[in-house]
């Protein structure tokens, strides 16, 4: 079958801005400075294994928190009228219209020493460091990517037929039974989509840890810094990260297929 002409610009875009950069990254990862095949870059990348594991841990924690916060919020939104749903979703997306870096700066101002939140806590006798630690990084991650968890959950939950819930109530099911037998099973596709949309960017993002984590950096920050001086090692780290994320996507897609069959 011949490729339709309207798809040609899309294919060209994918080739130039996606395929070619990926090929170049893989090429640099498996070659040395002379262009010869080498695995030295991966040996150099092993130095950052702790940062890599730390990034995955932060991504998992941030994803879990986003899921816990987004699930009841998305369900509550889905029970509102159509007009109210549209308004709430719009308000949730308003912060996303602002530049990513500006949103991070806002959290720096909120969490910094002698900032508004620090002064409030000091007033009540609570003296803790709010910035420059893993907790601040997680807060920034959750704030940045919570909408990406809410939207797919809301999309799936808004399609749940309310008559099923009413029928379960008529049959004597309590709230927990309705959630366990109707709402949760039908919302699993949204959970899978939301977890994927949050975990992937949180595992590879940068700048958040640079501004909120103090001396604690994530693997995205390491790739940015290493790549400036050593393309080969930076590419090797990026390839390892891509393989891990690809494995995660395969697992989530297979889990989603099994749920669909079930």
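The values are calculated or read from the model by the stated rules, or taken from the named source; none is laboratory data. Keep in mind that what you see is a predicted model, and the values were worked out from it rather than measured. For neighbour counting, all protein chains shown are included, and Cβ atoms are generated from backbone atoms with ideal geometry for every residue, glycine included.
Structural remarks
- For the range 149-192, a tally of residues being touching a helix residue (DSSP H, G or I) at 6+ places or on another chain (Cβ under 6 Å) and touching a residue at least 60 places away in the same chain (Cβ under 8 Å) returns 12.
- Residue in the range 210-220 that is part of a helix (DSSP H, G or I), at pLDDT 90 or above and closer than 21 Å to residue 42 by Cα present: yes
- Unique residue being part of a helix (DSSP H, G or I) and under 15 Å from the mean Cα position of the chain (by Cα) when the list is 194, 247: 194
- Listed by position, the helices (runs of 4 or more DSSP H) enclosed by the range 1-111 that each have at least 2 residues that are surrounded by 11 or more Cβ atoms within 10 Å (Cβ to Cβ) and in contact (Cβ under 8 Å) with a residue 24 or more places away in the chain are 20-29, 40-45, 49-78, 82-93, 100-111.
- Test: residue in the range 156-169 that is on the phi < 0 side of the Ramachandran plot, buried (at least 16 other Cβ atoms within 10 Å of the Cβ) and within 22 Å of the chain's Cα centre (by Cα): yes
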